[in-house]
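Accompanying notes for the structure given below.
The values are calculated or read from the model by the stated rules, or taken from the named source; none is laboratory data. Given the structure is predicted, the values throughout are model-derived calculations rather than measurements. Cβ placement follows ideal geometry from the backbone for every residue including glycine, while neighbour counts extend to all protein chains displayed. Side chains included, ligands, DNA and RNA excluded: accessible areas come from the protein's heavy atoms. Shrake-Rupley method; radii C 1.70, N 1.55, O 1.52, S 1.80 Å.
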Amino acid sequence: MAEPVVRIPDAKVVLSTASVYPESTATAFEVAARLGYDGVEVMVWTDPVSQDIEALRRLSDYHRMPVLAVHAPCLLITQRVWSTDPWVKLQRARAAAEKLGASTVVVHPPFRWQRQYARDFVSGIWRMANETDVRFAVENMYPWRYRDREMLAYAPDWDVTKDDYRHFTIDLSHTATSRTDTMAMVDRMGDRLGHVHLADGRGSAKDEHLVPGRGDQPCAELLERLARTGFDGHVVIEVNTRRAMSAAEREADLAEALAFTRLHLASATRIS
């Protein structure tokens, strides 16, 4: 009888600095190092440290925790971070990734009211991707809902698989909010899936970002598929810990998310 062996893919398990909010970017490096994550994804937002490449480099060196991805400032609250020009934001995100040694820039599709940016977005992302070895991984979003009303807030589309990008980010909290068939979206992304934001959700109109395993998304199924197919991108834990009553409770959630991810990335195979 062949004995089962455990095969661990090359994918690294990464902590998004957004996962410690409202704590600081610096706290995220400390927590990631203490819990044994492989690196961090920096969410560039209103925390000045998240915008400062030299400060991030010092944190990375001090905690021996590499910056593996940079999330460009695409949120409503970051409209004035790194310029009001969205292309300048992406240029600065690329420069930060190159200087910090990160392989990926995560970017959201434009808001619909950013008309010129939205009109040129697909071709512009291709142009920028051709200028660097850094991956621009465009992230799936969701329609905004209020009661019985639905607003399409993103352009060209919240479902990024309807457009042609070199690399995609799949976010499982966003698939829950959009009530999308997650694995079907992964199939559409195919070998262009370059980055994963792992979180869970229950289909609420709110973007929940639950700890994996606490919602109804196929988190385990996706991780097991990534293991079987030799996925070499990053799996980023991007969860909401704002309701944690203490630092210890927040760390327990992040430790649980890490353990869940490592468990399901280890796929059993048989050798003859």
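Assess whether Asp164 counts as being in contact (Cβ under 8 Å) with a residue 12 or more places away in the chain, over 17 Å from the mean Cα position of the chain (by Cα), more than 30 Å from Arg147 (Cβ to Cβ) and open to solvent by less than 30 Å² (accessible area, probe 1.4 Å).
So Asp164 fails the test.
Name, by its number, the condition in (1) hydrophobic (A, V, I, L, M, F, W, C); (2) more than 19 Å from His234 (Cβ to Cβ); (3) touching a strand residue (DSSP E or B) at 6+ places or on another chain (Cβ under 7 Å) that does not hold for Ile170.
(2)
Are any residues in the range 24-65 outside any helix (DSSP H, G or I) and more than 26 Å from Pro86 (Cα to Cα), and if so, which ones? Give the derivation first.
Let us first name the residues in the range 24-65 that are outside any helix (DSSP H, G or I), namely 24, 36-47, 52, 64-65.
Within the range 24-65, Gly36, Tyr37, Asp38, Gly39, Arg64, Met65 qualify.
If I ask for residues that are aliphatic (A, V, I, L, M), in a helix (DSSP H, G or I) and closer than 30 Å to Val31 by Cβ, which ones from the range 67-98 would you list?
Looking only at the range 67-98, we keep the residues that are aliphatic (A, V, I, L, M), and these are 67-70, 72, 75-77, 81, 88, 90, 93, 95-97.
Still in the list and also in a helix (DSSP H, G or I): 76-77, 88, 90, 93, 95-97.
Within the range 67-98, Leu76, Ile77, Leu90, Ala93, Ala95, Ala96, Ala97 meet the criteria.
For the range 203-233, enumerate the residues that are polar (S, T, N, Q) and buried (at least 18 other Cβ atoms within 10 Å of the Cβ).
Restricting attention to the range 203-233, the residues satisfying the condition of being polar (S, T, N, Q) are 204, 217, 229.
Across the range 203-233, the qualifying residue is only Gln217.
Looking at the range 99-123, which of its residues are assigned to a helix (DSSP H, G or I) and open to solvent by less than 10 Å² (accessible area, probe 1.4 Å)? Reasoning before the result, please.
Keep residues of the range 99-123 that are assigned to a helix (DSSP H, G or I), which gives 99-100, 115-123.
Correct list: Phe121 only.
Across the range 1-44, which residue is surrounded by the most Cβ atoms within 10 Å (Cβ to Cβ) among those that are at pLDDT 95 or above and acidic (Asp, Glu)?
Ranking the qualifying residues of the range 1-44, first place goes to Glu41.
Conditions tested, residue by residue: (1) assigned to a helix (DSSP H, G or I); (2) open to solvent by less than 20 Å² (accessible area, probe 1.4 Å); (3) at positive phi.
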{"position": "Val235", "(1), (2), (3)": "no, yes, no"}
{"position": "Arg243", "(1), (2), (3)": "no, no, no"}
{"position": "Ala252", "(1), (2), (3)": "yes, no, no"}
{"position": "Ala255", "(1), (2), (3)": "yes, no, no"}
{"position": "Arg262", "(1), (2), (3)": "yes, no, no"}
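Applying the selection to the range 124-157, what residues are part of a helix (DSSP H, G or I) and open to solvent by less than 70 Å² (accessible area, probe 1.4 Å)? Talk me through it step by step, then tell me what you get.
Residues of the range 124-157 that are part of a helix (DSSP H, G or I), as a first pass: 124-129.
Matches in the range 124-157: Gly124, Ile125, Met128, Ala129.
Pairs only if they're at least six apart or on different chains, beta carbon under 7 angstrom, first in the range 168-179 and without any contact (Cβ under 8 Å) to a residue 40 or more places away in the chain, second in a helix (DSSP H, G or I) and basic (Lys, Arg); list them, first residue then second.
Phe168/Arg192
For the range 45-63, state whether one or more residues are under 23 Å from His209 (Cβ atoms), in contact with a strand residue (DSSP E or B) (Cβ under 8 Å, 6 or more places away or on another chain) and open to solvent by 10 Å² or more (accessible area, probe 1.4 Å).
No; the residues of the range 45-63 include none that is under 23 Å from His209 (Cβ atoms), in contact with a strand residue (DSSP E or B) (Cβ under 8 Å, 6 or more places away or on another chain) and open to solvent by 10 Å² or more (accessible area, probe 1.4 Å).
For Ile77, only one of the following conditions fails: (1) more than 21 Å from Ser173 (Cβ to Cβ); (2) open to solvent by 70 Å² or more (accessible area, probe 1.4 Å); (3) at pLDDT below 95; (4) not hydroxyl-bearing (Ser, Thr, Tyr). What is its number?
(1)
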